[in-house]
Structures are given as C-alpha cells and as structure tokens.
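A quick write-up on the structure given underneath.
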Amino acid sequence: MLQPYKHEPFTDFTVEANRKAFEEALGLVEKELGKEYPLIINGERVTTEDKIQSWNPARKDQLVGSVSKANQDLAEKAIQSADEAFQTWRNVNPEERANILVKAAAIIRRRKHEFSAWLVHEAGKPWKEADADTAEAIDFLEYYARQMIELNRGKEILSRPGEQNRYFYTPMGVTVTISPWNFALAIMVGTAVAPIVTGNTVVLKPASTTPVVAAKFVEVLEDAGLPKGVINYVPGSGAEVGDYLVDHPKTSLITFTGSKDVGVRLYERAAVVRPGQNHLKRVIVEMGGKDTVVVDRDADLDLAAESILVSAFGFSGQKCSAGSRAVIHKDVYDEVLEKTVALAKNLTVGDPTNRDNYMGPVIDEKAFEKIMSYIEIGKKEGRLMTGGEGDSSTGFFIQPTIIADLDPEAVIMQEEIFGPVVAFSKANDFDHALEIANNTEYGLTGAVITRNRAHTEQAKREFHVGNLYFNRNCTGAIVGYHPFGGFKMSGTDSKAGGPDYLALHMQAKTVSEMY
Ligand code: NAP
C-alpha cells in the first residue's frame, strides 16, 4: 500500500547547506561532462559512429556529452524489442509496475541536485528552474504509480441476476515517446513512465539538444528494476528516426510533446494505416502556446506586474505555458507597463551555474536567431520598452524584452516566440480583453489578475484555455494539483499529471460472464 503523496518540495536556496549541496552537485557533474552514451535497446548498449553532441547553451564550447545516434535499422530493432517485451510486461502485476516507479522516484530524490545540475548544464536552466524540473519528474513517478493502482480497480458497471459484468483497462502495446528539451527531465519522464506503468513498452526518442539527462534517467529505471526491453533509448534525428517510429505498423500509441508544426504533421502521419497494421494508433500530442496574462481595471497592479514578469521570463520564456502576451485594461495600462518594465530591468541574465542569474541562455543558436528576428519584427510592430538585445559570443543570451502598444493581430501577439519576449496590448474593457486573449490559434494557459468576482466567473466560462489561473502567473503547473494540457492547436488536452491521463494509455475492456 503506497502512502498518500503531496508533491516534492522545492529546494530553499536561501539555506546555506542547500546552496552548498547544489554547488557540489554542479562540480560533480562538471567532472562528468564530455562522456559518451550508447543507445539502449533490449537492455543492450549499442554504440554508433554517428553521434549527437550535446553542448552547453551557456558555454558554447563545453560539450555536455556525446550520444550515439539511432538510424532506421536501430529504430526497427528498438520497436521489435519493445514489441517482444510487451508480451510479458503487459501481464506484470500493476502494483509491481507502480513500485518500480516509486523506486525510481526514490533514486532521483537521492540524486536530486545531481539531476538538476545536469539540467543547468544541458538545458541552461537556472537553479530554481532546474530544481522545479527535477521535482516535477519525481512527482510524475509518484503520482502515476498511485493512479495506476487506482485505475487497476476498473470502474463500476451494472450486473444483473445470472450475468456478471466487469469493466477494466488493458494496455495497448508499443509506445513511441517523443519529448522536448524545455522540460528535458520532467516531460520526458512523465511521457515515458505513463505508458510503462500502464503495461505498455516504450521506444524513447528524446530531444536532440538534451539527450544526456534522458540517458541518465533510463539508467535510473534499470536500477529500479525495470526489465530489459520495456524502455528502449534511441536518440536520433526527429525527421529520420521520429517519422520511422511514428509510421511503424507495430506502434500502437504515440505520445509527443513539442511544437505545433511537428505535432500536427505527426498526427496526420499516425492516421495512415500501414501495411501489416491491424489497429488505429492512439495519439497524444501536446504542442505550443501563446499564453496571455489579462489585467483587469480593479486589479492589484503590483501583483499584475509580478505575474507578467514571472510568466514571461521564467526559464527565458521557454515554456509552453509562458505568458508571452499581457492584455491590460486601458485605465491601468500605463501603470502596469511601467511597473513591469522597472522589474524587468532588474533581472540578471548570465551563466545559470551562478545562482544570482535569474535568466540563463536560450537553448541553441537556431532558437537565438529565431527569437532575435521576432524582436526585430516586434520593434517595427510596437514600442520597445526594455531589452531587445542578444549576445551569442559565449552562450545564447537574450535580455528580457518588453514590447508595448501592439495591435492584437500583430505577428508577435500571434506567433509562439519561445523566448524572453512579452507583448503588451491595450483593452477597452474586460470583454475586449477576453476577446484578445482568445484570438490566437492556441489555447494552453492563461491568467487573469482581478478583484472583480463577476469578471472572475465570466473568465471561467469564456477564457478558452486548458489551464486558467487567477491572481497569479500562468506557468508552474504542479502534478496532481494543476493537470496540464491545452485546447485548440495546443494539443489533445491530455491533462498530464491529472486523474484522466493514464486511461489515455489503455483500452477499456468490458467482460460479461453468464452464470
Ligand atoms: P520540437 O522541435 O517540435 O521537438 C520536439 C520533439 O520532436 C523532439 O524530440 C524532436 O526531435 C522531435 N521531432 C522533430 N521533428 C520530428 C519529426 N519529423 N517526427 C518526429 N519527431 C520529430 O519542439 P521543441 O523545440 O523540442 O520544444 C518546444 C515546443 O514544445 C514549443 O512549441 C512548446 O510550446 C512545446 N511544448 C509543449 C508542451 C505542452 O505540454 N503543451 C510542453 C513543453 C513544450 P529533435 O530534437 O531531434 O528535432
């Protein structure tokens, strides 16, 4: 019987002992940089000549690790391995499967700062963000373990004299997990272990920018007792290996988190029934966002500025939930803008190994160029209030950027930038603010800062997003507290870390027995 679980606490870095422990972990990981990591297929290590090199985005010349790169032949082997392992894993007692997750959580908890230190180096996460990423990974393991035990009971349906009916869940088969770099540990862990605990087997293709932390996690699962072949680790090019895995007739379930363009393409491909395939693929895709913080006339304006700041610039705006738009009632627009600009000017940007830096780098050169080109567009579309500058000489650093007075249809009000840029737009009244908030193709998160009860109720009905928050920032969902997933082109609204999530990885079976 598992004990009730709340969530993994965040580390208090004002405590000197915690600071020291984290610094030690950074030092430890620094010594490990540059190592090689093989693929893992059916428990066997496979080394290829072709490598993916993972570089520290804060120090461009620092190699985090060199990872073997799968090609289509190896992807095929991984699918076959997962298919074979499925024949036994599907019958393993769900409690035993859940226990492996809890053991993995315990291992990560013991090595918590070490995992966070990998995220600092590989993903450029500041301490606090890395710590939250690791905590979320632990939460996914603990939460899904308990959810599985609950789900295993099945659901009540009716029986009648002479006829006993049961309704329960059964696993689906080979799952392809394709994960992003921005929650390189948490999302990768969540989307890999949800299929595993429900009795499926997994071929894991992590993002090419953060494959090392994924390799570390697969080792943890092995240490926790996961049988070979249940997870197969195959980093590789999204286009080459990703497509092959998605198209494969033995793939039953695909769980993808990433950009809209890739997600939509994958959704279409998965719909095609290939030769030898005798089932329809189940697809979970969680994609981008263009999330808005709405500020009402009678809001706490300091809270509004703080909420916009945290939503826009936490992890340099590289969250699907990042508040990249602030829509403000015209009567308080100037004041909120001024307060937010003042706060943004105090933010520090630099190497995230230094705890004093609020923001680290963006993930790579491609992201840097893309964000800087959006800033150029934004400068023409609106008024640059602060930031606007980038420096890619040693790492990919961009200043927190605020652009004001934007038309709701402006490019930077509509497209996902995925960087430290927030666009301000003025609303005539609360109805208008909600209309602007809903005017993108996305529908992931949103926040409303207000003291008006009627407006709170109105926003609950009309603000069309999967995760809506009041009087706080629109980022930072916690497993079990804020099940996460978006509407519209933000995805299939799978609600990761919520009570319905695991059932998406299974098929319901009705069994009717006559006596
Ligand atoms: P991405 O470029 O779409 O990549 C995501 C994953 O897809 C990576 O593993 C990538 O591999 C792989 N991939 C690329 N092309 C592929 C293809 N043709 N077939 C199969 N797989 C392919 O996204 P990202 O830049 O890593 O992540 C940022 C995006 O994720 C943002 O849009 C963000 O909003 C979204 N996101 C959404 C959520 C959510 O819960 N809604 C959470 C986090 C992030 P390579 O790395 O090898 O290219």
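The values are calculated or read from the model by the stated rules, or taken from the named source; none is laboratory data. Quantities reported herein were computed from a predicted structural model and do not represent experimental measurements. Here the Cβ positions follow ideal geometry from the backbone for every residue, glycine too, while neighbour counts run over all protein chains shown. For accessibility, only protein heavy atoms count, side chains too; no ligands or nucleic acids. Shrake-Rupley method; radii C 1.70, N 1.55, O 1.52, S 1.80 Å.
Considering only region 261-271, state which residues are out of contact with any Gly (no Cβ under 8 Å at 6 or more places or on another chain) and within 14 Å of the ligand (Cβ to nearest atom).
Of all residues in region 261-271, those out of contact with any Gly (no Cβ under 8 Å at 6 or more places or on another chain) come to 261, 264-265, 267-271.
Within region 261-271, 261, 264, 265, 267, 268, 269, 270 qualify.
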query: Just a yes or no: is a residue in region 113-122 surrounded by fewer than 24 Cβ atoms within 10 Å (Cβ to Cβ) and under 20 Å from residue 153 (Cβ atoms)?
result: no
task: Scan 376, 416 and give me the residue that is outside any loop (DSSP other than H, G, I, E, B), open to solvent by 30 Å² or more (accessible area, probe 1.4 Å) and over 18 Å from residue 358 (Cβ atoms).
output: 376
First in region 144-161 and modelled with pLDDT under 95, second anywhere and among the hydroxyl-bearing types (Ser, Thr, Tyr), Cβ under 7 Å, 6 or more apart: 154/167; 154/169; 155/167
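For every residue, the table says whether it meets (1) outside any helix (DSSP H, G or I); (2) open to solvent by 20 Å² or more (accessible area, probe 1.4 Å); (3) aliphatic (A, V, I, L, M).
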site	(1), (2), (3)
18	no, yes, no
21	no, yes, yes
64	yes, no, yes
96	no, yes, no
Residues of region 469-507 that turn out to be more than 17 Å from residue 255 (Cβ to Cβ), open to solvent by 50 Å² or more (accessible area, probe 1.4 Å) and more than 17 Å from the chain's Cα centre (by Cα), as a count: 5
Filter result (within 12 Å of the ligand (Cβ to nearest atom), surrounded by 24 or more Cβ atoms within 10 Å (Cβ to Cβ) and more than 19 Å from residue 78 (Cα to Cα)) within region 186-209: 187, 190
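Do we have any residue at all in region 454-465 that's within 12 Å of the ligand (Cβ to nearest atom) and surrounded by 16 or more Cβ atoms within 10 Å (Cβ to Cβ)?
Let us first name the residues in region 454-465 that are within 12 Å of the ligand (Cβ to nearest atom), namely 465.
Keeping just the survivors that are surrounded by 16 or more Cβ atoms within 10 Å (Cβ to Cβ) gives 465.
Yes - at least one qualifying residue is present in region 454-465.
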field: Residues located in region 153-172, provided they are surrounded by 17 or more Cβ atoms within 10 Å (Cβ to Cβ) and either out of contact with any Leu (no Cβ under 7 Å at 6 or more places or on another chain) or in a strand (DSSP E or B) (or both)
entry: 169, 171
task: With the condition kept exactly as written, say whether any residue in region 258-276 is part of a loop (DSSP other than H, G, I, E, B) and within 29 Å of residue 146 (Cα to Cα).
output: yes
task: Please state which one of 47, 11 is in contact with a Lys or Arg (Cβ under 8 Å, 6 or more places away or on another chain) and farther than 30 Å from residue 503 by Cα.
output: 11
field: Flag if residue 218 is more than 14 Å from the ligand (Cβ to nearest atom) and surrounded by fewer than 24 Cβ atoms within 10 Å (Cβ to Cβ)
entry: yes
So residue 144, is it crowded, with 22+ Cβ neighbours inside 10 Å and out of contact with any His (no Cβ under 8 Å at 6 or more places or on another chain): yes
message: Any residue that is within 13 Å of the ligand (Cβ to nearest atom) and either assigned to a loop (DSSP other than H, G, I, E, B) or open to solvent by 70 Å² or more (accessible area, probe 1.4 Å) (or both) - is there at least one of those in region 245-255?
response: yes
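Please go through region 102-138 and pick out each residue that is more than 21 Å from residue 351 (Cβ to Cβ) and in contact with a Gly (Cβ under 7 Å, 6 or more places away or on another chain). Steps first, answer last, please.
Narrowing region 102-138 to residues more than 21 Å from residue 351 (Cβ to Cβ): 102-112, 135-138.
Hit for region 102-138 is 103, nothing else.
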- prompt: Regarding residue 274, is this residue modelled with pLDDT of 95 or more, more than 14 Å from the ligand (Cβ to nearest atom), more than 15 Å from residue 238 (Cα to Cα) and open to solvent by 70 Å² or more (accessible area, probe 1.4 Å)?
  reply: no
- prompt: For residue 208, all conditions in the list (1) in contact with a Leu (Cβ under 7 Å, 6 or more places away or on another chain); (2) in a loop (DSSP other than H, G, I, E, B) hold save one; what is the number of the exception?
  reply: (1)
- prompt: What single numbered condition from (1) out of contact with any helix residue (DSSP H, G or I) (no Cβ under 7 Å at 6 or more places or on another chain); (2) open to solvent by less than 10 Å² (accessible area, probe 1.4 Å) fails to hold for residue 314?
  reply: (1)
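Based on this model, can you work out whether residue 129 counts as in contact (Cβ under 8 Å) with a residue 12 or more places away in the chain and open to solvent by 10 Å² or more (accessible area, probe 1.4 Å)?
Working: in contact (Cβ under 8 Å) with a residue 12 or more places away in the chain: yes; open to solvent by 10 Å² or more (accessible area, probe 1.4 Å): yes.
Criteria met by residue 129.
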